[in-house]
Amino acid sequence: MKDVLVLGIESSCDETACAVVKNGREVLSDVIASQADFHEQFGGVVPELASRMHVDAVYPAISKALLDANCTLEDIDCVAVTYGPGLVGALLVGLSAAKGLCEVTGLPLVGVHHLKGHIAANYLCFPELEPPFLCLCVSGGNTMIVRVDSYTEMEILGRTRDDAAGEAIDKIARVIGLGYPGGPKMDKAGQGGDTTRYQFAKTHMTDTLDFSFSGIKTSALNLINGMKQKGEEIDVKDFTASYQQNIADILLSNTLKAAETTGLDRICLAGGVSANSFLRTTFDKAAEEKGLKLYYPSLRLCTDNGAMIASAGYFEYINGTRNGLDLNACPSLKL
Ligand code: KG4
């Protein structure tokens with residue numbers, strides 16, 4: 001069978017990313033232009049500035065991805081692009097670039113759901129991995145347990161009812177002065193810390209695989225404010241270690257419940273928060289104890305990248321998905 005090369009474009013938040021992937025599994029190039037250092041001064045992503053920076057970065061990223069893969073647009077079979085969820089202005093930049101390429105070359109366009117891309121990052125790291133499996137998707141804006149039935153069909157079994165795990169981490173990182181981006185900074189700050197020193201109130205929900213992170217976030221905020229009022233020093237290393245461990249425990253508990261109810265014994269992690277070392281260690285231990293097979297992407301492929309979009313796009317493409325040039329950005333696209 002002829003190889004299929006997909007050009008993947010991602011611009012849903014603050015990374016302009018483009019990659020060429022062969023047959024959905026092999027990364028030929030992977031270009032990421034991150035704006036994180038720029039947005040740090042504002043303590044978070046400024047949507048309007050993100051869109052403008054994507055405009056400057058998108059064509060150079062596409063050119064570099066083709067160059068690094070040693071190919072031209074003539075070798076490409078399909079252009080895959082994130083069309084939601086994400087920041088609308090940011091999404092529109094990648095989408096317009098993809099549509100422009102398809103218009104002039106006649107290449108087919110495939111719109112990709114950002115989270116399907118995160119899930120597909122696992123296909124790039126584990127060539128033997130095939131559905132069905134369970135996937136815990138944990139990113140800045142989403143926390144959900146997904147039953148992945150096939151490369152293109154999936155069902156959400158549980159989701160957060162309020163904050164995403166990434167939001168709960170980023171917010172507390174900001175309050176204790178770690179800055180932006182909070183996740184990686186908190187991960188680093190908690191290394192070697194005592195994970196049991198600080199106690200947080202957690203929301204317990206029975207008979208559901210849904211999550212809630214607003215309770216633990218509020219509990220952490222109250223603890224910080226209480227200590228400040230009493231003039232007590234927060235031990236940042238122990239505090240962040242305890243907080244991240246508690247979040248990892250909440251995520252693990254429902255994922256194990258989902259494995260039990262579905263009978264699926266393969267679990268993938270996906271999304272930016274899956275880079276978290278507390279989460280990975282917690283899941284590693286549990287998988288070993290329970291005899292589950294655990295997969296998580298390399299650190300580079302956990303956060304936003306074009307290769308995961310090209311991989312998810314490949315599976316949509318061979319399944320017959322084609323989008324028209326009227327495809328619009330959907331900031332709250334459902335899975
Ligand atoms: O998946 P992603 O790159 O973008 C979205 O689609 O949302 O996820 C971004 C989230 C942010 O909340 C960021 O703080 C978090 O992933 N993150 C981490 C780590 N690296 C990134 N959270 C905890 N530990 C990390 N090492």
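With θ set to phi - 60° and the Karplus curve 6.51 cos²θ - 1.76 cosθ + 1.60, what are the ³J(HN,Hα) couplings of the stretch 234-240 in order, to the nearest whole Hz, using x for Gly and Pro?
8, 7, 4, 4, 6, 5, 5
What fraction of the DSSP beta bridges in the chain is antiparallel, stated in percent and rounded to the nearest 5?
Of all bridge pairs located within the chain, approximately 60 percent are antiparallel.
What size of dipole, in debye to the nearest 20, comes out for the stretch 168-295 about its Cα centre when the only charges are +1 on Lys and Arg C-beta atoms and -1 on Asp and Glu C-beta atoms?
Charge dipole, the stretch 168-295, about its Cα centre: 320 debye, nearest 20.
Could you run the Karplus curve 6.51 cos²θ - 1.76 cosθ + 1.60 with θ = phi - 60° over the stretch 271-281 and give me ³J(HN,Hα) per residue in whole Hz, x for Gly and Pro?
Once θ is set to phi - 60°, the couplings for the stretch 271-281 become x, x, 6, 5, 6, 5, 5, 5, 5, 4, 5 Hz.
Let me make sure I get this right: for the stretch 78-142, a, b and c are the square roots of the gyration tensor eigenvalues over alpha carbons, sorted descending. Under 1.5 in a/c it's rounded, otherwise prolate if a/b > b/c, else oblate. Which is it?
Oblate.
If amide H atoms are built 1.01 Å from N in the plane of the peptide, which residues on other chains or at least 5 residues away come under 5 Å of the amide H of THR160?
THR143, PHE211
Under 17 Å from the Cα of LYS334, which lysines turn up, not counting those fewer than eight places away in the same chain?
Once the sequence-local lysines are set aside, what remains near LYS334 is LYS116.
Compute the length gained on full extension between GLU74 and LEU299: take 0.36 nm times their separation in residues and subtract their Cα-Cα distance, giving the result in nm to one decimal.
Difference between extended and current length: 77.9 nm.
Which angle from 0 to 90°, rounded to the nearest 10, does the C-alpha axis of helix 47-68 make with the longest principal axis of the chain?
50 degrees
For the stretch 234-335, which trypsin sites (Lys or Arg not before Pro) are in a loop by DSSP, counting at most 13 other Cβ atoms within 10 Å?
Passing both the DSSP loop test and the Cβ count: ARG322, LYS334.
Relative to 2.2 N^0.38 Å, what does the C-alpha radius of gyration of the stretch 202-335 come to as a ratio? Two decimals please.
1.36
With label points built 7 Å along Cα→Cβ from the Cα atoms of THR262 and ILE224, find their separation and express it in nm.
Those two pseudo-labels are separated by 3.4 nm.
Can you list residues from other chains, or at least 5 along the same chain, whose modelled amide H is less than 5 Å from the amide H of THR203?
GLY215, ILE216
Using +1 on the beta carbon of Lys and Arg, -1 on that of Asp and Glu, and nothing else charged, what's the dipole of the stretch 1-118 about the Cα centre, debye to 20?
Around 300 debye, computed over the stretch 1-118.
Name the aspartates and glutamates eligible as straight-distance cross-link partners of LYS217: C-alpha to C-alpha under 12 Å, and not fewer than 8 places from it in the same chain.
Within the straight-line limit of under 12 Å, LYS217 reaches these aspartates and glutamates: ASP162, ASP163, GLU167, ASP170.
Does anyone have the angle between helix 165-175 and the longest principal axis of the chain? Alpha-carbon axes, 0 to 90°, nearest 10?
60 degrees
Rounded to whole Å and sorted largest first, list the principal axis extents of the Cα atoms in the chain.
Principal axes ranked by extent give 65, 46, 31 Å for the Cα atoms.
Given only helices, namely DSSP H runs of n ≥ 4 each adding -39500 (n - 2.57), what is the per-residue ellipticity at 222 nm of the chain, to the nearest 500 deg cm²/dmol?
My calculation for the chain gives -14000 deg cm²/dmol from helical runs alone.
Would you kindly state the longest site-free stretch of the chain, with sites defined as GluC sites (Glu not before Pro) in a DSSP loop (not H, G, I, E, B) surrounded by at most 14 other Cβ atoms within 10 Å?
Value returned for the longest uninterrupted segment is 1-127.
None of the figures in this text is laboratory data; all of them are computed from the coordinates on show. For clarity, every value in this text was computed on a predicted model and none was experimentally measured. For neighbour counting, all protein chains shown are included, and Cβ atoms are generated from backbone atoms with ideal geometry for every residue, glycine included.
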